[in-house]
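See structure below.
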Amino acid sequence: MRALLGKTPSSRILGIIGRVIAYLVMGTFALMTILPIVWLIINSFKSNAEYYLNKLSLPEKLQWVNYSGAWNIGDFRELIGNSFIYTIGATLGIVLFSIMAGFAFAKIRSKATPIIYGSFVMGILLSIQSLMVPLFIEVSQFDKLIGALFQLLHFIKSADNFHFFYNSRVGVLIVYIGSGLPIALYLCTEYIKGIPTALVEAARIDGAGFFRIFRGIILPMCVPIATTVAILNITGLWNEFALINILVSKTGLKSIPLGVMRFSGTMMADYGKQFAALVIGMAPMLIFYIAFRKQITKGVSAGAVKG
Amino acid sequence: MRRGIRSRAEEVRAYWAMILPAFILYMLVLAFPIVLSILLSLSNYNGGKLFGGEAWQLVGFQQYERLIRDPQFWLALKNNVYIVLVSVFGQLPLGFIFAYLIYRRIVKFGDFWQGVLYMPAIISTIVLGIMWSVIFSPTGLIADILNKSYASGFTNHLTEIFKQAGGFNITDEVVKKILAVSDPKALTVFSNPLADLKALLLGYQPSQMPVILSDMTNLLARKWTPDFLSKQNVAMVPIMFVTLWCWTGTYLILFLANMQKIDPQLLEAARMDGAGEGQVMGWIVLPLLSGVIVNSAILCIAGSLNSFALIWAMTGGGPGRVTEVLSIYMYRNAFVGVPNFPLANAIAMSIVIFSIVLIVLTKLVEKRYGGKE
């Protein structure tokens with residue numbers, strides 16, 4: 001009887017209306033995502049004059065020059081290599097260091113764990129972007145300090161242009177790895193806690209050292225969480241702007257978002273090139289997303305820290 | 001016994017070796033900058049050598065006092081609050097409702113919606129910011145569509161008016177009718193609209209009808225000017241819209257993944273007992289997800305308080321400085337013009353303090369109203 005209650009004609013009509021509204025709202029959101037991107041791609045093939053004349057038509061002739069022009073103005077040939085170095089290097093660093101520390105926190109007894117692990121977890125809440133000013137001061141001042149020391153030891157002649165952290169790939173990687181660590185470390189530690197301690201103890205009794213256990217047991221078992229952590233970080237690292245913007249001023253060390261930023265402002269003289277630059281900026285991650293959508297979605301939902 | 005001691009020492013060595021890389025990086029990138037920031041915000045450091053250069057010293061809370069007295073700080077804070085509000089009360093509820101619609105299969109093709117709605121989150125915010133700033137600009141997509149529809153509407157009006165007047169027949173009445181459908185802003189070019197427009201129209205030949213139509217349309221039809229890019233009280237609207245658009249999909253994915261962990265029999269039983277979809281959502285799914293929602297809210301607050309790249313790419317804090325948020329206000333004081341590092345660090349600390357306050361508030365709300373897990 002009660003089961004029938006949900007199927008009265010009036011509630012069915014309500015259900016249909018609800019469904020229509022649901023489709024409308026979601027459809028609007030989806031169109032607001034697809035249309036601007038498609039519009040951008042179409043207009044990236046128009047000449048400037050054609051863009052002013054008609055913003056809604058298809059291009060008369062594909063202006064590939066927009067792409068070669070944007071490629072040269074943005075120095076993307078150099079930047080794309082840097083983007084790969086920063087993204088891959090930082091991802092590997094975050095994954096490896098998180099699993100190492102996670103192993104120590106989860107499987108080696110120590111009184112220091114609650115304090116150190118706790119401060120890492122607190123770091124999840126702290127967005128590192130709010131620290132860009134002290135970070136900038138720190139890297140430039142450390143460079144001066146190290147430079148002065150090296151000068152004292154006669155490694156270098158002058159400390160004036162010596163850079164170890166600022167304007168260096170090492171500096172960018174250090175900051176990127178450090179900023180990705182808290183959440184990755186949390187995920188890895190919780191995951192490794194789930195690996196049976198008996199496995200580690202059995203290996204200890206057989207006389208294996210911790211480094212062998214790490215290499216032989218923990219690392220192979222951590223492949224799933226390593227994938228999750230990597231996927232969670234790749235898009236964010238590739239697209240990162242605020243930190244590298246203050247860490248690097250040399251063109252040869254910049255990443256793609258910094259190159260795209262050159263095309264900002266509606267005062268750009270050439271819309272076709274501006275749009276081409278934006279397409280160049282979004283294409284790699286769009287392809288990555290289309291290729292690994294399932295894994296990316298899974299990684300993001302795993303990143304939802306619970307508790 | 002001896003073996004026990006040796007193995008304990010090995011344990012300690014292995015422990016520190018394993019956490020050392022992460023620990024050093026954490027110190028360098030998070031812990032030390034915070035300490036440095038607190039110190040510098042209380043100092044008179046002017047950007048010289050920090051170690052062994054000119055002396056700098058702690059001078060107290062001067063910079064914080066200066067902040068409180070700076071109207072720009074309050075404007076940036078207000079803008080930041082808008083971003084936080086649209087994130088917490090826009091992205092989260094919308095993401096939740098979308099997730100529920102997909103989870104309950106109220107809408108079909110869940111995979112497709114999920115895939116599309118999450119897409120903005122994987123594209124660089126710099127790219128998206130520039131893209132939207134062009135779309136919203138006077139030479140952009142929205143202006144184009146609106147102005148074209150205004151123009152064609154105006155042309156239709158004109159054609160109608162001339163038809164009623166029986167062709168090119170410029171009387172006061174016709175001119176009045178034209179003035180009535182014209183954009184008041186366009187009429188400000190005339191000192192005396194009625195007489196001026198009449199004189200202008202009489203300058204044409206009756207045979208020039210198409211030219212008249214197009215000229216008058218260009219001159220008098222309503223034009224959409226993106227006021228919100230220059231007016232202070234609405235300048236944040238496009239930014240808030242893009243913020244909402246950009247990250248709703250992230251929460252959709254988070255919530256959907258957690259909904260899929262709920263035992264489906266629970267929901268079926270409720271449905272059998274006659275509960276509507278709204279009741280199932282409000283009384284079963286929402287309480288079960290309260291923990292995830294609170295954590296998402298916390299991450300959302302921390303993230304939106306630090307929003308920098310999107311706004312930097314969209315407006316750069318402009319026009320004037322009306323769309324500045326705290327992070328841009330801080331950036332300006334440290335990297336644009338003459339740097340004021342103590343002030344910039346005081347802003348950094350105020351961001352940190354502000355996010356701690358909001359996070360504690362969220363936790364309190366959870367304690368008071370949240371469901372039990």
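The values are calculated or read from the model by the stated rules, or taken from the named source; none is laboratory data. Here the structure is a predicted model, which means the values were calculated and not measured. Please note: Cβ atoms are built from the backbone with ideal geometry, for glycine as well, and neighbour counts cover all protein chains shown.
Some notes on this structure:
- The set of residues in segment B:128-149 being buried (at least 16 other Cβ atoms within 10 Å of the Cβ), polar (S, T, N, Q) and not in a helix (DSSP H, G or I) consists of B:Ser137 alone.
- Among the residues of segment A:19-29, those identified as surrounded by fewer than 17 Cβ atoms within 10 Å (Cβ to Cβ) and either in contact with a helix residue (DSSP H, G or I) (Cβ under 8 Å, 6 or more places away or on another chain) or more than 7 Å from chain B (Cβ to nearest Cβ) (or both) are A:Val20, A:Ile21, A:Leu24, A:Val25, A:Gly27, A:Thr28.
- Filtering segment B:17-54 to residues that are part of a helix (DSSP H, G or I), of a type in the set (Phe, Trp, Tyr) and more than 31 Å from the chain's Cα centre (by Cα) leaves only B:Phe23.
- Condition broken by A:Ser110, with the remaining ones in (1) outside any loop (DSSP other than H, G, I, E, B); (2) at the interface with chain B (Cβ under 7 Å from one of its Cβ atoms) satisfied: (1)
- Unique match (being crowded, with 19+ Cβ neighbours inside 10 Å and closer than 30 Å to A:Leu278 by Cβ) among B:Leu299, B:Leu289: B:Leu299
- Single unsatisfied condition, B:Ser152 versus (1) of a type outside the set (A, V, I, L, M); (2) without any contact (Cβ under 8 Å) to a residue 24 or more places away in the chain; (3) farther than 21 Å from A:Tyr52 by Cα; (4) assigned to a helix (DSSP H, G or I): (3)
- Taken over segment A:164-213, the criterion of being assigned to a helix (DSSP H, G or I), β-branched (Val, Ile, Thr) and either in contact with a Lys or Arg (Cβ under 8 Å, 6 or more places away or on another chain) or over 29 Å from B:Pro33 (Cα atoms) (or both) is satisfied by A:Ile192, A:Thr197, A:Val200, A:Ile205, A:Ile213.
- When residues of segment A:135-173 are limited to those that are β-branched (Val, Ile, Thr) and touching a helix residue (DSSP H, G or I) at 6+ places or on another chain (Cβ under 6 Å), the one farthest from the other protein chains (Cβ to nearest Cβ): A:Ile156
- Subset of segment B:155-182 (residues that are loosely packed, with under 15 Cβ neighbours inside 10 Å and not in a helix (DSSP H, G or I)): B:Gly166, B:Gly167, B:Asn169, B:Thr171
- Any hit, segment A:116-133, residues being assigned to a helix (DSSP H, G or I), farther than 23 Å from B:Pro33 by Cβ and out of contact with any Lys or Arg (no Cβ under 6 Å at 6 or more places or on another chain): no
- For segment A:20-49, the set of residues classified as touching a residue at least 40 places away in the same chain (Cβ under 8 Å) and over 22 Å from B:Ile123 (Cα atoms) consists of A:Lys46, A:Ser47, A:Asn48, listed by residue number.
- Out of A:Leu92, A:Leu79, A:Leu31, A:Leu96, sole residue that is modelled with pLDDT of 90 or more, out of contact with any Leu (no Cβ under 8 Å at 6 or more places or on another chain), over 30 Å from A:Ile218 (Cα atoms) and in a helix (DSSP H, G or I): A:Leu31
- Summed over segment A:83-98, the residues that are crowded, with 22+ Cβ neighbours inside 10 Å, of a type outside the set (Ser, Thr, Tyr) and away from chain B (no Cβ under 12 Å) give a count of 0.
- One residue from B:Ile347, B:Ile351 being under 15 Å from B:Ile301 (Cα atoms) and either among the hydroxyl-bearing types (Ser, Thr, Tyr) or in contact with a helix residue (DSSP H, G or I) (Cβ under 8 Å, 6 or more places away or on another chain) (or both): B:Ile351
- Among the conditions (1) among the charged types (D, E, K, R); (2) closer than 30 Å to B:Ser133 by Cα; (3) surrounded by fewer than 23 Cβ atoms within 10 Å (Cβ to Cβ), B:Glu277 misses just one, which is (2).
- Residue check: B:Leu343 meets all listed conditions (1) facing chain A (nearest Cβ under 9 Å); (2) on the phi < 0 side of the Ramachandran plot but one, namely (1).
- Checking segment B:111-120 against the condition returns no match, with no residue being more than 9 Å from chain A (Cβ to nearest Cβ) and in contact with a helix residue (DSSP H, G or I) (Cβ under 8 Å, 6 or more places away or on another chain).
- Residue in segment B:111-127 that is surrounded by fewer than 18 Cβ atoms within 10 Å (Cβ to Cβ) and under 30 Å from A:Gly236 (Cβ atoms) present: yes
- The set of residues from segment B:296-339 being more than 20 Å from B:Val234 (Cβ to Cβ) and either among the charged types (D, E, K, R) or without any contact (Cβ under 8 Å) to a residue 24 or more places away in the chain (or both) comprises B:Leu299, B:Phe308, B:Met330, B:Tyr331, B:Arg332, B:Asn333, B:Ala334, B:Phe335, B:Val336, B:Gly337, B:Val338.
- Matching residues, segment A:102-124, being buried (at least 17 other Cβ atoms within 10 Å of the Cβ) and within 22 Å of the chain's Cα centre (by Cα): A:Gly102, A:Phe120, A:Gly123, A:Ile124
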